[in-house]
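Notes follow the structure.
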Amino acid sequence: MQELLREMENYAAAQGVPIIRAQEHEIFVRAVQAAAPQHILEIGTAIGYSALLLAYYSPETAEILTMEKDERRMREAASFLGQSPLQKKIRVLPGDAGETLARLSADPAYQGYFDFVFIDAAKGQYPDYLQKILPMLADRAVILSDNVLFRGYVLSEEKPPRRYKTIVKRLRAYLTMLDGLGGQTKIYENGDGLAVTAFRRNDYAG
Ligand code: SAH
Ligand code: MG
């Protein structure tokens, strides 16, 4: 397992794939262990690195549904995950996550289903992802959101460069949404900003 993880880290570094950063690793792992989730949803598989961590640190009976739209990344993930027996806990759903989420959330089987969510795909789509995920959350769930500080621009007074304006605006709206969930959100500044939210449906006004 450690060897496979090292191999993936090296591959990601060489290919410029933005996998979960070393500084976030411990927070990520602790959140998974503390939650001991059964039904995990991940948005943004890339090469399968965080999916493998989710599989390794969750209970044996847990399952991970992960979404990826890039075919090349999907192939890489399949090839890495195929080297681990943990692969049997993981299912990769191809295609645009916004569309896949819309499909899943229309399925009654997924109402109140997921107790752990890791959001790590298109930063400008986070509000849309969360909107679609909400009905699929269990009464108690943990939401991890990566890159919410986006190079420091999200909480900065300074104007972001033009090309990041929309992303930064949407991530700010996203943090406001997280605050409105009733649970608690803690933002770790390690890496690019990792938000850990404890969702409680009872405290959520809708
Ligand atoms: N979670 C991974 C890293 C994900 S990088 C890890 O830590 O190991 C972000 C990934 O999201 C990329 O592979 C990118 O192709 C994917 N992605 C971006 N937009 C997407 C979308 N709309 N639907 C599905 N996947 C998307
Ligand atoms: Mg990320």
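Residue count for the stretch 10-29 under the criterion of being more than 18 Å from the chain's Cα centre (by Cα) and surrounded by 14 or more Cβ atoms within 10 Å (Cβ to Cβ): the result is 1. Of the candidates L178, L155, L171, the single residue that is under 29 Å from D115 (Cβ atoms) and over 20 Å from the mean Cα position of the chain (by Cα) is L155. For the stretch 93-105, does any single residue satisfy the condition of being among the β-branched types (V, I, T) and closer than 24 Å to N190 by Cβ? The answer is no; no qualifying residue exists.
The sole residue among P18, P59 that is out of contact with any strand residue (DSSP E or B) (no Cβ under 8 Å at 6 or more places or on another chain), more than 14 Å from ligand 1 (Cβ to nearest atom) and of a type outside the set (K, R) is P59.
Hey, can you tell me all the residues within the stretch 189-204 that are modelled with pLDDT of 90 or more, out of contact with any strand residue (DSSP E or B) (no Cβ under 8 Å at 6 or more places or on another chain) and either in a strand (DSSP E or B) or closer than 18 Å to I19 by Cβ (or both)? Result: no residue meets the conditions. In the stretch 99-123, the residues that are free of Cβ contacts under 8 Å to residues at least 24 places away in the same chain form no Cβ pair under 6 Å with any partner that is away from ligand 1 (no atom under 14 Å from the Cβ) and assigned to a strand (DSSP E or B), whether six or more places apart or across chains. Against the condition assigned to a strand (DSSP E or B), of a type in the set (V, I, T) and either over 21 Å from Q33 (Cβ atoms) or without any contact (Cβ under 8 Å) to a residue 60 or more places away in the chain (or both), how does I167 come out, does it pass? Answer is no for this residue. Quick check: is even one residue across the stretch 150-160 more than 13 Å from L41 (Cβ to Cβ), within 16 Å of ligand 1 (Cβ to nearest atom) and modelled with pLDDT under 95? Yes, the conditions are met somewhere in the stretch 150-160. Of the listed requirements (1) surrounded by 17 or more Cβ atoms within 10 Å (Cβ to Cβ); (2) under 22 Å from G95 (Cα atoms); (3) out of contact with any helix residue (DSSP H, G or I) (no Cβ under 6 Å at 6 or more places or on another chain), F114 misses just one: (3).
Picking from residues in the stretch 52-65 that are in contact with a Leu (Cβ under 7 Å, 6 or more places away or on another chain) and either within 16 Å of ligand 2 (Cβ to nearest atom) or among the aromatic types (F, W, Y) (or both), the one that is nearest to L194 (Cα to Cα) is L52. Annotation for the stretch 152-164: no member residue is β-branched (V, I, T) and under 27 Å from I90 (Cα atoms).
Of everything in the stretch 124-149, what is within 11 Å of ligand 1 (Cβ to nearest atom) and closer than 22 Å to Q184 by Cβ? Give them in sequence order.
Y126, Y129, L144, D146, N147
Of all residue pairs spaced 6 or more apart or on separate chains, those with beta-carbon atoms under 9 Å, a first member in the stretch 72-97 that is within 23 Å of Y126 (Cβ to Cβ) and loosely packed, with under 15 Cβ neighbours inside 10 Å and a second member that is among the hydroxyl-bearing types (S, T, Y) and modelled with pLDDT of 95 or more are R91/T66; P94/T100.
Within the stretch 30-54, can you find the residues that are within 13 Å of V117 (Cα to Cα), among the aliphatic types (A, V, I, L, M) and either within 12 Å of ligand 1 (Cβ to nearest atom) or within 14 Å of the chain's Cα centre (by Cα) (or both)?
Result: A31, V32, I40, L41, I43, A51, L54.
The values are calculated or read from the model by the stated rules, or taken from the named source; none is laboratory data. Note that the coordinates shown come from a computational prediction; the quantities given were computed from them, not determined experimentally. All Cβ positions, even for glycine, are placed from backbone atoms using ideal geometry, and neighbour counts span all protein chains on display.
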